[in-house]
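**Student:** One structure, pasted below without further comment.
The values are calculated or read from the model by the stated rules, or taken from the named source; none is laboratory data. Treat the numbers as computed from the prediction; the structure is a model and nothing was measured. As a convention, Cβ positions derive from the backbone with ideal geometry for all residues, glycine included, and neighbour counts pool all protein chains shown.
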Amino acid sequence: MLTDKQKKLLQRAVIYPTIVITGMVLSFTIPFLWLFLFMIDDLVLESQEFFVVGLYALFILVFIILAILFVLGIYIQRAVRKKEWIEMAEMAKVKLEGPDGISLLEKAANIGLALTPLNFSSPAGMIAEVRLYKRMKAIRNAAMQMCVLFREKIPNRITYTFVFVLIPVVLLLGLFGFRYIDSIQTNRGDAQRTAEVVDHIEDVFETTCADLYVQDPLAQFDRNGYTISADLYEEGKISYKSSQIEIRVNNEGQIQSVDYRLGVNVQDTKENNLTRMEQELEQLYDLLMETDVEMTSESLKAKPYFPQEMIDAFMDHSYYEDISGEAEKDFYVGYITSEEENYELYGETYFYFMMD
């Protein structure tokens, strides 16, 4: 007969290796689950900040799982070297070779467990020969065989496996669930606030500009911001590229970037082009200032102008030659054009101002 201590050891020898094996698989699969949930947060919901808490939760969960593996793995490997296990192994060997051996083999076969002639009396040698997974599996199988031989109830491994998997999965799903709700509410509030700013900018530019393109925050949320571009002239009404301003508004309702593009008419004189472009540049700048919207940098409010070096280069070069950009204090200005041979089909020529 087995002592109470031996019975408890037999139960643990089934349960602990099951938990260790499950944990080994879980320690590899949990990061993939976290990555999947993070991709939903990042790519689908477009959360505006990195989920630091979620990352810490991943590290903590994996650490706890590995700690459980270490503790239970060390415990059960030491336990099967002790006197209680050795005595049970010897008793099991005798029982298997006794008159009841055949009936026990049949019973084991009926529950899907094959009783193999393991060397129960030398588990230390068995443990030293295989990796952790095989060691845990060997210990568990040996314990299950002994449960059959000693007519002890085999613990329900499915329950322990399910609980051990369910806890970290539920924790991750719950944590990311709260994150998703918070992200959706935050993005919705930011979109409503930014939409008011975008509508205001649109109203200002509509008074002067012929053609506007506006991204609606309420139609499609974009964590990177929203573009508003305004052309002074309607496409097709002039033979050259219309002068344009492009404004980028972030989700805090601030202007975060401003770019100007001034179309050049290659059929007109350079003097006339410069005079017109200076007027249009000032006109677009005045409209921008009229919006009175908060900007992320004071340099965005700086008034752009044509540097003398750029004017001289423009006058000295052909319409069909690019001019390297010039960096000023608050902006960067350059000249873009197309080759003369293909200009009629694909050509466009303009100055651009990128505000720092």
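**Student:** Being buried (at least 16 other Cβ atoms within 10 Å of the Cβ) and either of a type in the set (A, V, I, L, M) or farther than 12 Å from Phe306 by Cβ (or both) is the filter here, so list the residues in region 264-275 that pass it.
**Tutor:** Val264, Asn265, Val266, Leu274
Yes/no per residue for (1) outside the structural domain of Leu300 (by TED's automatic domain parsing); (2) aliphatic (A, V, I, L, M); (3) in contact with a Lys or Arg (Cβ under 9 Å, 6 or more places away or on another chain):
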residue: His317; (1), (2), (3): no, no, no
residue: Ile323; (1), (2), (3): no, yes, no
residue: Val333; (1), (2), (3): no, yes, no
residue: Thr337; (1), (2), (3): no, no, no
residue: Glu340; (1), (2), (3): no, no, no
residue: Glu348; (1), (2), (3): no, no, yes
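**Student:** Please pick out the residue among Lys93, Lys107 that is at pLDDT below 85, charged (D, E, K, R) and touching a Phe, Trp or Tyr at 6+ places or on another chain (Cβ under 6 Å). Explain how you work it out, then say what you get.
**Tutor:** Working: Lys107 fails: touching a Phe, Trp or Tyr at 6+ places or on another chain (Cβ under 6 Å).
Among Lys93, Lys107, only Lys93 is at pLDDT below 85, charged (D, E, K, R) and touching a Phe, Trp or Tyr at 6+ places or on another chain (Cβ under 6 Å).
**Student:** Quick check on region 229-247: of everything there that is among the β-branched types (Val, Ile, Thr) and part of a strand (DSSP E or B), which residue is nearest to Thr337 (Cα to Cα)? Break it down stepwise before answering.
**Tutor:** Looking only at region 229-247, we keep the residues that are among the β-branched types (Val, Ile, Thr), and these are 238, 245, 247.
Okay, now just the ones that are also part of a strand (DSSP E or B), so 245, 247.
On the way: Ile245: 18, Ile247: 23 Å.
Residue satisfying both the conditions and the ranking: Ile245.
**Student:** Also, I was wondering about something else. It is to be established whether one or more residues within region 288-304 are surrounded by fewer than 18 Cβ atoms within 10 Å (Cβ to Cβ), among the basic types (Lys, Arg) and farther than 14 Å from Thr349 by Cβ.
**Tutor:** Yes, the conditions are met somewhere in region 288-304.
**Student:** Return yes or no: is Arg157 modelled with pLDDT under 95 and loosely packed, with under 15 Cβ neighbours inside 10 Å? Give the derivation first.
**Tutor:** Working: modelled with pLDDT under 95: yes; loosely packed, with under 15 Cβ neighbours inside 10 Å: no.
Answer is no for this residue.
**Student:** Got a sec? Which of Arg135, Arg140 is under 19 Å from Lys93 (Cα atoms), modelled with pLDDT of 80 or more, of a type outside the set (A, V, I, L, M) and in a helix (DSSP H, G or I)? Please lay out each step first, then the result.
**Tutor:** Values: Arg135 fails: under 19 Å from Lys93 (Cα atoms).
Criteria check complete, one pass: Arg140.
**Student:** Now for a separate question. For region 259-299, name all the residues that are in contact with a Phe, Trp or Tyr (Cβ under 8 Å, 6 or more places away or on another chain), part of a loop (DSSP other than H, G, I, E, B) and closer than 19 Å to Glu246 by Cβ.
**Tutor:** Val264
**Student:** Could you check region 300-347 and list, in sequence order, the residues that are over 30 Å from Asp286 (Cβ atoms), part of a helix (DSSP H, G or I), of a type outside the set (S, T, N, Q) and under 45 Å from the mean Cα position of the chain (by Cα)?
**Tutor:** Answer for region 300-347, where residues must be over 30 Å from Asp286 (Cβ atoms), part of a helix (DSSP H, G or I), of a type outside the set (S, T, N, Q) and under 45 Å from the mean Cα position of the chain (by Cα): Tyr343, Leu345, Tyr346.
**Student:** Related question: Can you run down the residue pairs with Cβ atoms below 7 Å, 6 or more apart or on separate chains, where the first is in region 149-174 and over 21 Å from Ala89 (Cβ atoms) and in the same structural domain as Ile19 (by TED's automatic domain parsing) and the partner is not hydrophobic (A, V, I, L, M, F, W, C) and not in a helix (DSSP H, G or I)?
**Tutor:** Final answer for the pair search is none.
**Student:** Here is a further query. Would you point out which residue out of Asp182, Asp231, Asp222 is more than 30 Å from Leu66 (Cα to Cα) and outside the structural domain of Leu284 (by TED's automatic domain parsing)? Can you show your working first?
**Tutor:** Details: Asp231 fails: outside the structural domain of Leu284 (by TED's automatic domain parsing); Asp222 fails: outside the structural domain of Leu284 (by TED's automatic domain parsing).
Only one candidate passes the filter, namely Asp182.
**Student:** Check off (1) more than 21 Å from Asp42 (Cα to Cα); (2) in contact with a strand residue (DSSP E or B) (Cβ under 7 Å, 6 or more places away or on another chain) for Tyr226 and give me the number that stays unchecked.
**Tutor:** Of the numbered conditions (1) more than 21 Å from Asp42 (Cα to Cα); (2) in contact with a strand residue (DSSP E or B) (Cβ under 7 Å, 6 or more places away or on another chain), the odd one out for Tyr226 is (1).
**Student:** What is the one condition in (1) buried (at least 18 other Cβ atoms within 10 Å of the Cβ); (2) more than 30 Å from Pro217 (Cα to Cα) that Trp34 does not satisfy?
**Tutor:** Only one criterion in (1) buried (at least 18 other Cβ atoms within 10 Å of the Cβ); (2) more than 30 Å from Pro217 (Cα to Cα) is unmet by Trp34, namely (2).
**Student:** Quick check, is Glu246 of a type outside the set (A, V, I, L, M, F, W, C), without any contact (Cβ under 8 Å) to a residue 24 or more places away in the chain and in the same structural domain as Thr349 (by TED's automatic domain parsing)? It would help to see each step written out before you state the result.
**Tutor:** Details: of a type outside the set (A, V, I, L, M, F, W, C): yes; without any contact (Cβ under 8 Å) to a residue 24 or more places away in the chain: yes; in the same structural domain as Thr349 (by TED's automatic domain parsing): yes.
Yes, satisfied.
**Student:** Taking the stated definitions as given, is Ile201 surrounded by fewer than 16 Cβ atoms within 10 Å (Cβ to Cβ), out of contact with any Leu (no Cβ under 7 Å at 6 or more places or on another chain) and either within 30 Å of Tyr16 (Cβ to Cβ) or not assigned by TED's automatic domain parsing to the domain that holds Phe36 (or both)? Step through it out loud before you land on a result.
**Tutor:** Values: surrounded by fewer than 16 Cβ atoms within 10 Å (Cβ to Cβ): no; out of contact with any Leu (no Cβ under 7 Å at 6 or more places or on another chain): yes; either within 30 Å of Tyr16 (Cβ to Cβ) or not assigned by TED's automatic domain parsing to the domain that holds Phe36 (or both): yes.
Answer is no for this residue.
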